[in-house]
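Below: one structure, written as structure tokens.
The values are calculated or read from the model by the stated rules, or taken from the named source; none is laboratory data. Note that the coordinates shown come from a computational prediction; the quantities given were computed from them, not determined experimentally. Note that each Cβ is placed from the backbone with ideal geometry, even for glycine, and that neighbours are counted across all protein chains shown. Only protein heavy atoms, including side chains, enter the accessible area calculation; ligands, DNA and RNA are left aside. Shrake-Rupley method; radii C 1.70, N 1.55, O 1.52, S 1.80 Å.
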Amino acid sequence: MRNKQTDNSVYKSYESMGSESPVNGIISEVAPDFNFSNVRIDERRMPVIPVRNMVLFPFITVPMAVNDSDTLDVLELAHRNNQAVLALSVKENPDKITGKDLYRIGVVCVVARIMEMPDGSYTAFMVAANRVKAQRITSKENGFFASVEYIPENIPSSEDIELAAIFSSVRDSFSEILSLFSDDETREVRYALSQFQSPFKLINFIICNSPITLEQKQMLLEESDIKKRGSELLHMLDTAYQMLQLKFDIQERTREDITRQQRDQFLQQQLRTIKEELGDLPEESDEAELLARAEKKEWNKEIERHFSKELKKLGRFMVSTPEYGIQYTYLNTLLSLPWDKKTDSPIDLEYVEEILDRDHFGLNKIKDRILEQVAVMKLRGDMKAPILCLYGPPGVGKTSLGKSVAEALGREYARISLGGLHDEAEIRGHRRTYIGAMPGRIIAALEKTESNNPVIVLDEIDKISKDIKGDPSAALLEVLDPEQNSHFHDNYVDVDYDLSDVLFIATANTLDTISAPLLDRMELIEVSGYIVEEKIEIAKRHLLPKALTDLGFDAEDVRISDEGLRFIIERYTRESGVRQLDKTIRRLLRRLARQKAAGKDLPSCIDPSDARTILGKEEHVADVYEGNDYIGVVTGLAWTAAGGEILFIESSMSKGKGEKLTLTGNLGDVMKESATLALQYVRAHSDELGIKEESFTENNVHIHVPEGAIPKDGPSAGITIVTSLVSAFTGKKVRDKLAMTGEMTLRGKVLPVGGIKEKILAAKRAGITDIILSTDNLRDIEDIEPVYLTGLNFHYVRNISEVMDIAINTI
């Protein structure tokens, strides 16, 4: 603490104003026995008093309510020690004040008196002195402290004509404002106003008592030029006078309405008395509670009128009737909906990308599309964009993508499972005429999240069914249309609700069962299955660490090598996603947990042999290339829901009349047509292929695809079947370690097929080195990361003759 002798800079600034000093004047008027020269001032470490809802001005004494014990302790200590404090206004009204919540410019004050009020609270009379700027605010256990710098006042001489005009105008404008109120309300202010002769003190006094905002008062405090301060105050007073006059005019016009309302209240009271005599008076807190909650809502006029109307109905029902409970539940639902509550979080594209990469490995195209959607939302500032529908096999992360998007955007998250839904009321809600009526799932999700702009995942949208109760997919048309969902009508709520700020993400396993109008309202994004290499990374980054935590292991207790994970994936799972892989890893860890609980040592790193010992015999057999030792056997590539696989097409001839084509191996109609087409092409081009005509008339043909228990279909085996037939008819073997996939036409043209990424990885796992593809599939190869293409040679063809040149004629 510094004494007055060492605080010359601030103290001299008080004395420099001479005999007309506002300090001397205000002190002598308010506290005649108060000697300001004895005040202890510490410029480097001055106690800070946060002031709520008011701004203190130089040389004005203000009573300040003290609402917390910490501030009271600081004030009492300053009062006892005759120590100056710094009064800084609080910018807003936070529950807990920090240094960032305080304005930097305030006034040095002296605590003249602290009084205890009859209700037990305290009021401190603060004598304000000069303005200062807080250079640095620090927070300690006993409050805030600041180093201060004195801000000089620019006060013209008393003979300044412009200042005199401003002084007079401000006094007149403030008097006009006071004239709008009764004499009893303004008596004390009028008396104080008549006592001021100094323009400086008068302007500061009027600012303190004017009906202007705290921000405006702080702006005036920060103005050093007294003439500018007065001019700006004059403008604010004129605006305030017009606003108050308009307000009083409106009140006058509504006075007749209030009289009519009083009549209605009298009649309502009579009705209430009758109900009381009948013993059917509702709990008084019900209506009061609903009304109090409604006053805090910022809803539009239509909803406000609707709620008031429904609240009046509640008062007409007897408590013992079911209608009272139904009406109360309805009103409570209206109040629980987040009409005006949004989660305000700025969109950071880098953070969104970081969250998506953290939670999901791979899926780069899907992540890019989501980031594009988020970028559009950031630029537009709203959610009016196509609804995304993620479709693909189970377990690939469609639902979890929605949850990650919600976290990345800082929004609330809700999931609505639509699987098995067959009642339209589940979407639109039930009408209140039915017992047990409730809002639909969309409104219920908003009520649960307590936010008007959450991320809602519509899960399993392809599994919606319909019956005599309606078609839920038709109700979803309004929900998922950005042009219509701003006025979504729920039958229970019975008021249009704005869903335009909700981000909807739908998921599906197949598109075949989704209605065409619903598909048209969504942007479809395919989430294909993971390849083995991606599954290994997912297991290492996500599945294994989570399973270890869930099952009570430490992170270092169990390690699984990449070879061990590959063995588990290929021999114990067959899926596109990773759900079965997660179950298998947990099954392995549970058996290790039994060993650990028994005090046995665990393997340091689980390899394929350890995995087989723990999990037992393999459940699936990995694809293995069988070589080219047999004529008529060709390796094809197939796509399944579990990923890519190799399959073998076998053709053989037997003596006969050449009229019979036998197809076996559980083939679908499309694959049977491909076989018929392939045989017809071979017969039509027998000369080019070097096949004698009598081979077709003297032999029957049999085409077989092994693993007959598994259904097979699709056109991608077309060129494989042709190659198999040519090999059988010519007696030539097919090129070693060669596989192929592609559809063919009757003219011999090779068409592109899908699932290329999964197919080539299946070929690589089986030891294939050469792959034949349609030229149009080159674009699919370019989308695959180069690391997955190492060791493979691709042969791009346009017609069957090019296929034969590579597969058979080069041997």
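In this label model, residue 215 and residue 796 are separated by 6.2 nm, measuring between points 7 Å along each Cα→Cβ vector.
Mean separation of Cα pairs under 8 Å and 6 or more residues apart, divided by the residue count, gives the stretch 358-483 a relative contact order of 29 percent.
Averaged over residues, the count of other Cβ atoms within 10 Å places the peptides 51-59, 478-486 in the sequence 51-59, 478-486, highest first.
From most to least packed by mean Cβ count within 10 Å, the peptides 321-333, 76-88 give 76-88, 321-333.
Rounded to the nearest whole Hz, the Karplus-based 3J(HN,Hα) values (6.51 cos²θ - 1.76 cosθ + 1.60, θ = phi - 60°) of the stretch 779-794 follow the sequence 5, 6, 5, 5, 7, 8, 4, x, 4, 7, 9, 4, x, 10, 10, 10, with x at glycine and proline.
Charges were assigned to the Cβ only: +1 to each Lys and Arg, -1 to each Asp and Glu. The resulting dipole of the chain about its Cα centre is roughly 1600 debye. Each Cα pair under 8 Å and six or more residues apart adds its sequence gap; the mean of these over the residue count of the stretch 97-158 is a relative contact order of 29 percent. With the cut-off at 1.5 for a/c, could you classify the stretch 702-811 from its C-alpha gyration tensor as rounded, prolate or oblate? Verdict is rounded for the stretch 702-811. The listed residues 312, 463, 296 rank as 296, 312, 463 when sorted by accessible area, largest first, using a 1.4 Å probe. Using a simple spin-label model with pseudo-atoms 7 Å out from Cα toward Cβ, residue 745 and residue 175 lie 9.9 nm apart. Among the protein heavy atoms of the stretch 704-788, carbon and sulfur supply 52% of the accessible surface, probe 1.4 Å, non-protein parts ignored. Between amide H atoms placed 1.01 Å from N, distances below 5 Å from residue 144 occur with 48, all of them 5 or more places distant or on a separate chain. Cross-link partners of residue 227 among aspartates and glutamates, defined as those whose alpha carbon lies under 14 angstrom from its own and excluding same-chain residues fewer than eight positions apart: 153, 159, 160, 162. Residues of the stretch 544-578 with the amide nitrogen closer than 20 Å to a label point 7 Å from the Cα of residue 463, along Cα-to-Cβ, please. From the stretch 544-578, the list is 574-578. Between residue 319 and residue 350, the FRET efficiency estimated from the beta carbon spacing at R0 = 56 angstrom works out to 0.45. Once R0 is set to 22 Å, what does the formula 1/(1 + (r/R0)^6) return for the Cβ-Cβ distance between residue 91 and residue 192, expressed as a FRET efficiency to the nearest 0.05? With a Förster radius of 22 Å, E is 0.20. Between residue 513 and residue 140, full extension at 0.36 nm per residue minus the direct alpha carbon distance yields a gain of 127.7 nm.
Here's how it looks for residue 699: its modeled amide H is under 5 Å from those of 656, 658, which are all 5 or more places away or on a different chain.
Phi angles of the stretch 122-127 translate, via the Karplus equation with coefficients 6.51, -1.76, 1.60 and θ = phi - 60°, into HN-Hα couplings of 10, 10, 10, 8, 9, 9 Hz per residue; Gly and Pro are given as x. Straightening the chain between residue 161 and residue 697 buys 180.5 nm, computed as 0.36 nm per residue apart minus the Cα-Cα spacing.
For residue 301, a cut-off of 17 angstrom between C-alpha atoms picks up these aspartates and glutamates, skipping any fewer than 8 places away in its own chain: 310, 340, 494, 496, 498.
Expressed as a whole percent, the accessible surface of the stretch 457-522 that belongs to carbon and sulfur atoms is 49, based on a 1.4 Å probe.
FRET efficiency for the residue 250 to residue 37 pair, using the beta carbon distance and R₀ = 45 Å, is estimated at 0.30.
Going 7 Å from the Cα of residue 342 in the Cα-to-Cβ direction, what parts of the stretch 442-475 have a backbone nitrogen less than 15 Å from that spot? Taking a point 7 Å out along Cα→Cβ of residue 342, the residues of the stretch 442-475 whose backbone N falls under 15 Å are 451-455. Here the stretch 153-226 has 48 percent of its accessible surface on carbon and sulfur atoms, given a 1.4 Å probe and all protein chains in place. In this structure the chain gives 51 Å² per residue of accessible area when probed at 1.4 Å with all protein chains present. Given the pairs 100/140; 342/378; 133/217; 247/297; 398/463; 463/759, which span a C-alpha to C-alpha distance of over 18 angstrom in this model? Long pairs (Cα-Cα over 18 Å): 247/297; 463/759. In this structure, the amide hydrogen of residue 113, modeled 1.01 Å from its nitrogen in the peptide plane, lies closer than 5 angstrom to those of 125, counting only residues at least 5 positions away or on a different chain. With 0.36 nm allotted per residue and the present C-alpha distance subtracted, the residue 661-residue 154 stretch has 171.7 nm of extension available. Shape class of the stretch 139-207 from the Cα gyration tensor (axes a ≥ b ≥ c, square roots of the eigenvalues): oblate, since a/c reaches 1.5 or more and a/b does not exceed b/c. If you model the chain as an ellipsoid using its alpha carbon gyration tensor, with each semi-axis the square root of five times an eigenvalue, the axes come out at 82, 36, 26 Å, biggest first. Each peptide in 565-571, 373-379 was scored by the mean count of other Cβ atoms within 10 Å over its residues; highest first, the order is 565-571, 373-379. Projected label points at residue 595 and residue 76, each 7 Å from Cα along the beta carbon direction, are separated by 6.9 nanometres.
Between rounded, prolate and oblate, where does the stretch 496-633 land on the alpha carbon gyration tensor, with a ≥ b ≥ c its root eigenvalues, rounded for a/c under 1.5, else prolate if a/b exceeds b/c? Because a/c hits 1.5 or more and a/b fails to exceed b/c, the stretch 496-633 counts as oblate.
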